[in-house]
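The structure under discussion appears below in the form of structure tokens.
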Amino acid sequence: MIRKNIESLKRRIATACSRIGRNPADIKVIAVTKTTTPEMIKEVMECGITDIGENRLQDATTKFNHLRQSGFSFYAHMVGHLQTNKALKAVEAFDLIQSVDSLKIASEINRQAAKKGKIQDILVQVNTSFEASKFGLKPEETLKVIKDIFQFQNLKVKGLMTIAPLLDDSDKARPYFRKLRELKNSINDLGLRAYGLEVLSMGMTDDFEVAIEEGSNMIRVGRLIFEG
Ligand SMILES: *Cc1c(COP(=O)(O)O)cnc(C)c1O
């Protein structure tokens, strides 16, 4: 089932890309594993997916150890909200922390990464839909926070992440994705660093095609891969 689901996902990515003249190879797929078993994740990796996302720290460490012991190598993404007291564990377990949504958590990740002698790749999570209940920086405060994060020696800001609101029609998510793309472009236009922000992590099972049309180069897919 998983193999079929991934084939279908790849076809849909290719179709979305062809509509706007993008190369499907430029879209990185993160398999978000949530409550799935290591056996299911192995099947995903056997289909050629090398990036896995977790939204809870406690599940991740055991799963990752199990997978590594079975000979799999992969790139681990933290996509869920992170509390400051979990920063050390996150630095130990994850290659890319996608959910950095405050200066406080960035500072703590930086401190723990420095202790470990690691340069931690991060994304800054932006709340593009103004929903009070969700995590993420407000778009208008993002530039200021990123400028401050740029001071941290042990963090590398690779790009931005957003979660669109739940909507009855995926096309309605378009403005939120567009907002994230424009924000990334406007930050890059300032040329504050030798490197620019590259990653736009946006799009999930219900809205990845619209996200790709709006410039996403990293989609985080759970249900479509594991449930079909
Ligand atoms: C669960 C989750 C996903 C995947 O969602 P699906 O709708 O199952 O594809 C992506 N990003 C985050 C942050 C998640 O928590």
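What follows draws every value from the coordinates through simple rules; no lab data is involved. These figures come from a predicted structure and were not determined experimentally. Every residue, glycine as well, gets a Cβ built from its backbone with ideal geometry; the counts of neighbours run over all protein chains shown.
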(request) Specify the residue that is nearest to GLN153 (Cα to Cα); the eligible residues are those in the range 172-228 that are within 14 Å of the ligand (Cβ to nearest atom) and of a type in the set (S, T, N, Q). (result) SER201
(request) Examine the range 79-89 for a residue that is in contact with a Gly (Cβ under 9 Å, 6 or more places away or on another chain) and touching a residue at least 12 places away in the same chain (Cβ under 8 Å), and state whether such a residue exists. (result) yes
(request) Considering each of ILE20, ILE97, ILE27, ILE109 in turn, give the residue that is within 20 Å of the chain's Cα centre (by Cα), closer than 24 Å to GLY159 by Cα and away from the ligand (no atom under 16 Å from the Cβ). (result) ILE109
(message) For the range 144-201, give me each residue that is of a type in the set (A, V, I, L, M), surrounded by 13 or more Cβ atoms within 10 Å (Cβ to Cβ) and more than 22 Å from PHE94 (Cβ to Cβ).
(response) ALA164, LEU167, ALA173, LEU183, ILE187, LEU192
(message) over 21 Å from ILE219 (Cα atoms) and surrounded by fewer than 18 Cβ atoms within 10 Å (Cβ to Cβ): which single residue out of LYS104, LYS42, LYS63, LYS86 fits that description?
(response) LYS104
(request) State which residue pairs qualify: first residue on the phi > 0 side of the Ramachandran plot and inside the range 200-219, second residue part of a loop (DSSP other than H, G, I, E, B) and of a type in the set (Val, Ile, Thr) in any location, beta carbons under 8 Å apart, and separation of 6 or more residues or different chains. (result) none
(request) Could you list all residues from the range 68-114 that are among the aliphatic types (A, V, I, L, M), within 19 Å of LYS134 (Cα to Cα) and part of a helix (DSSP H, G or I)? (result) LEU103, ILE105, ALA106
